[in-house]
Amino acid sequence: MEHAGISPDREDKRRLLLCASDAGGVSNIAALCGPAKAKGFEIHTVTCRLLAPLFEDSNILLIENLAGGIERFIRDLRPEVIICGTTSYDSPDREAIFFARKNGVPCVAIIDEWYNHLLRFSNRRDAKAHLFPNAIAVPDEFARSEAIAEGIPQEILHATGSPSLARIAGLGEEWRELPPAVPGTLAGTKDATVITFLSETHSLDYGRSPGDAGPLGPFIGYTEQSVCRTILAVLDLLPGKFLFVYRPHPAESDFPDLTGPSKKIELRLAPDVPLHSLCYHSDLVLGMRSMAILEARLIGCRVASFQPGLCGPQVCTAVRLGLAPFLEDAFSLSEWIAESVAKKRRHEPPSPRPDFANSDAAEKILRLAA
């Protein structure tokens with residue numbers, strides 16, 4: 001996708017710059033596009049090549065193609081308002097917020113998680129300083145209270161709901177009437193229990209062993225690869241046949257050796273399969289602390305967070321919201337799988353729809369940008 005051109009002299013529409021560089025931010029920003037167009041905004045989007053396909057619009061500038069950085073692009077575009085995703089590391093999202101505040105451009109930031117709120121606004125030039133946008137949208141009052149506790153000014157925090165999670169909750173409701181097509185990855189699995197594992201980049205983010213650290217902090221007690229191996233070892237001791245589907249994180253490139261411990265376990269790698277239809281047609285969905293665990297629960301899947309050997313706080317959002325069990329060792333995982341397999345599989349999204357997935361979340365965020 002390439003940028004369709006900049007028309008800074010147009011006065012018939014308000015120019016809205018959307019900027020997001022990781023999966024969580026992009027999911028929310030992409031869900032804003034339709035409602036923003038309906039309000040008459042002229043939309044310009046900055047995102048990375050890997051995630052650009054999540055946008056239906058072609059008016060996209062790829063981060064990889066930015067000449068002179070995002071600040072130069074914003075100066076040329078002259079947007080009336082900026083809406084950004086947020087990340088825990090230096091990113092164009094964060095640079096856009098800094099530029100907006102420095103130049104008096106109204107800016108709204110969307111936080112897509114329930115932790116590490118303050119870290120998302122760190123100043124790379126001064127780790128103790130933070131620069132906030134005019135308004136910050138968080139998923140619900142629980143997230144807002146935690147953001148305030150971390151030190152973000154309460155007057156700029158707004159519990160709007162998540163446009164992305166609202167869209168996914170809607171999918172779950174639709175699929176109860178008309179399920180999505182079965183992904184090709186799951187072909188020929190009639191007699192096997194399908195378990196999808198939602199991987200993350202913990203080894204890169206936190207290191208691979210005790211004493212290690214990564215850009216997001218010290219070793220957390222496990223990696224995506226150690227968790228994968230433990231799940232396979234547990235499955236090997238359980239009766240029945242299993243299909244284990246490894247769904248890598250979009251930024252993951254170092255996949256584990258998917259050699260099954262026995263013939264009763266078939267393993268498949270699914271990097272390009274649509275996430276939600278894959279989860280929907282899985283019997284069980286296992287993750288560590290990924291937001292995708294919560295997303296799978298919203299469409300009615302049977303889910304759990306498995307974090308054996310966890311060091312530090314338990315931050316899996318689905319667990320903290322009471323929507324997924326927390327499994328901390330091989331024994332509890334084995335019990336959960338056995339109990340879940342014994343039950344008749346059914347899809348049942350949470351009812352009523354949670355506040356963080358309210359259907360007017362996008363509208364509330366756009367009102368902050370008005």
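FYI, it's all coordinate maths here, none of it is from the lab. The model shown is predicted, which means the values in this text are computed figures rather than measured ones. Here the Cβ positions follow ideal geometry from the backbone for every residue, glycine too, while neighbour counts run over all protein chains shown.
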Computed E for ASP329/GLU71 - FRET, C-beta separation, R0 45 angstrom, nearest 0.05: 0.40
Rg followed by Dmax, in Å, when the chain is reduced to its Cα trace: 21.1, 68
Kirkwood hydrodynamic radius over Cα pairs of the stretch 177-342, then Stokes diffusion coefficient at 4 °C and 1.567 mPa s, in µm²/s: 81 µm²/s
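Two decimals is fine: what's Rg over Rh for the stretch 39-150, C-alpha atoms, Kirkwood radius as Rh? It would help to have the intermediate numbers written out before the result.
Numbers: Rg = 14.4 Å, Rh = 15.0 Å.
Rg/Rh: 0.96.
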Unit charges at the beta carbon, dipole of the chain: most positive-side option, LEU17, THR193, CYS316: THR193
The stretch 72-126: chymotrypsin sites (Phe, Trp or Tyr not before Pro) in DSSP coil with no more than 13 other Cβ atoms inside 10 Å: none
Charge dipole (debye, nearest 20) of the chain; +1 at Cβ of Lys and Arg, -1 at Cβ of Asp and Glu: 240 debye
Most positive-pole-ward Cα, LEU275, SER305, PHE242, against dipole of the stretch 177-342 from beta carbon charges: PHE242
Nitroxide proxy distance, nm - points 7 Å out along Cα→Cβ at LEU119 and LYS102: 2.5 nm
DSSP loop GluC sites (Glu not before Pro) with at most 11 other Cβ within 10 Å: longest gap in the chain: 178-370
For the stretch 177-342, size of Cβ-based charge dipole, Lys and Arg +1, Asp and Glu -1, in debye: 220 debye
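Anything over 32 Å Cα to Cα? Flag those among LYS190/LYS364; LYS39/LYS102; LYS264/LYS343, in the order listed. Please report the intermediate quantities before stating the final value.
Working: LYS190/LYS364 44 Å; LYS39/LYS102 27 Å; LYS264/LYS343 21 Å.
Beyond 32 Å: LYS190/LYS364.
Could you tell me the calculated FRET efficiency between GLU155 and LYS343, based on Cβ-Cβ distance and R0 = 35 angstrom, to the nearest 0.05?
Using R0 = 35 Å, I get an efficiency of 0.15.
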Amide hydrogen neighbours beyond the local backbone of SER199, cut-off 5 Å, H modeled: ARG247, HIS249
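Arrange LEU269, LEU294, LEU32, LEU278 by Cβ neighbour counts within 10 Å, fewest through most, would you? Write out the running numbers ahead of the final one.
Values: LEU269 14, LEU294 30, LEU32 26, LEU278 23.
Ranking LEU269, LEU294, LEU32, LEU278 by Cβ neighbours within 10 Å, fewest first, gives LEU269, LEU278, LEU32, LEU294.
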20 Å Cα-Cα reach of LYS37 towards aspartates and glutamates, excluding residues that sit fewer than 8 places from it in its own chain: GLU2, ASP9, GLU11, ASP12, GLU56, ASP57, GLU80, ASP360, GLU363
